[in-house]
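The structure under discussion is supplied below as structure tokens; questions concerning it will follow.
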Amino acid sequence: MFFVPLAAAMLLSCGGGGSETKEKKAASTEAAPPVDPSTLGSIQGKVAFTGAKPEPKVLSMDATPACARMHQGPVYAEDVVINSNGTLKNAFVYIKSGLAPREYPVPSSAVKLDQRGCIYTPHVVGVMVNQTLEIANSDDTNHNIHPMPKINREWNESQPPKGDLKVKSFPKEELPPILFKCNIHPWMRAWVGVSSHPFFAVTGDDGSFTIKDVPAGEYTLEVWQERYGVQEMKIKVEAKQAATADFSYKG
């Protein structure tokens, strides 16, 4: 007789908790209201390099003549690319913390990563969580795409010469970026940053970056560079203003 009320109470307790959890989960995934454009600012800056410049490393493609024939002269590794104005190319800059909880729409356009001349290009790219990444093989030789994530699922797939696109996405944020390799050509390396928000950028030929439409607030901004690691900076973004964030690595 005493077990029935107890069992009923347990069922009621479990049922109520489950319902509350579902309601909270549903509330957390509801679309956030539109952002007022008048409250947005931006972040701009550059990633400088000082000190002794490292000697560029020549990539040896002798083991694969098909790759060597695609180039007129030496090909250099891109782990450190110093621009003519003393800045670094291929640095990944992103807001690390400070953003209010919010779901951001995933871009409908794909980010493209090509294998051309037995080199991944671009060397560093960024995608949002669940955004499409299209991987092409423009070469007349086989490649083997092998990302090395620490959070997302690892995979390893071959791609024939000028074969169909590999269409991929990543369900979890992963920053700093994921290393991509080619198991056939060990010198091939690329990096793909996976962000839960759109506030990231990769420095180009002048070492500069711009992150647009950032909600006003105080943030921790992080920069990652393949050889020299990460740096952080506190930054305040004001509405309709461009905040400046300049980083510097020393060789």
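Yes/no per residue for (1) in contact with a Gly (Cβ under 8 Å, 6 or more places away or on another chain); (2) among the small types (Gly, Ala, Ser); (3) assigned by TED's automatic domain parsing to the domain that holds residue 131:
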site: 169; (1), (2), (3): no, yes, yes
site: 172; (1), (2), (3): no, no, yes
site: 180; (1), (2), (3): no, no, yes
site: 204; (1), (2), (3): no, yes, yes
site: 213; (1), (2), (3): no, no, yes
site: 226; (1), (2), (3): no, no, yes
site: 245; (1), (2), (3): yes, yes, yes
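Now, a different point. Please go through segment 171-207 and pick out each residue that is among the polar types (S, T, N, Q) and more than 24 Å from residue 143 (Cα to Cα).
195, 196, 203
Considering segment 134-173 alone, what residues qualify as being touching a residue at least 12 places away in the same chain (Cβ under 8 Å), of a type in the set (D, E, K, R), more than 16 Å from residue 188 (Cβ to Cβ) and assigned to a loop (DSSP other than H, G, I, E, B)?
Listed by number, the residues that qualify are 150, 162, 172, 173.
Only one residue in 105, 5, 65, 56 is within 28 Å of the chain's Cα centre (by Cα) and either at pLDDT 95 or above or more than 30 Å from residue 249 (Cβ to Cβ) (or both). Which one?
Being within 28 Å of the chain's Cα centre (by Cα) and either at pLDDT 95 or above or more than 30 Å from residue 249 (Cβ to Cβ) (or both) holds for just one of 105, 5, 65, 56, which is 105.
Restricting the search to segment 79-100, which residues are free of Cβ contacts under 8 Å to residues at least 60 places away in the same chain and not small (Gly, Ala, Ser)?
Matches in segment 79-100: 81, 82.
State the number of residues belonging to segment 52-107 that are of a type outside the set (Ser, Thr, Tyr) and touching a Lys or Arg at 6+ places or on another chain (Cβ under 7 Å).
Adding up the residues that qualify gives 6.
Name the residues in segment 74-102 that are among the aliphatic types (A, V, I, L, M) and over 19 Å from the mean Cα position of the chain (by Cα), would you?
Scanning segment 74-102 gives 75, 77, 82, 100.
In the list 72, 131, which residue meets the criterion of being outside any strand (DSSP E or B) and either in contact with a strand residue (DSSP E or B) (Cβ under 7 Å, 6 or more places away or on another chain) or of a type in the set (D, E, K, R) (or both)?
Matching residue, one of 72, 131: 131.
The values are calculated or read from the model by the stated rules, or taken from the named source; none is laboratory data. As the structure is a computational prediction, the values presented were derived from the model and not from experiment. In this analysis, Cβ positions are derived from the backbone assuming ideal geometry, glycine residues included, and neighbour counts consider all displayed protein chains.
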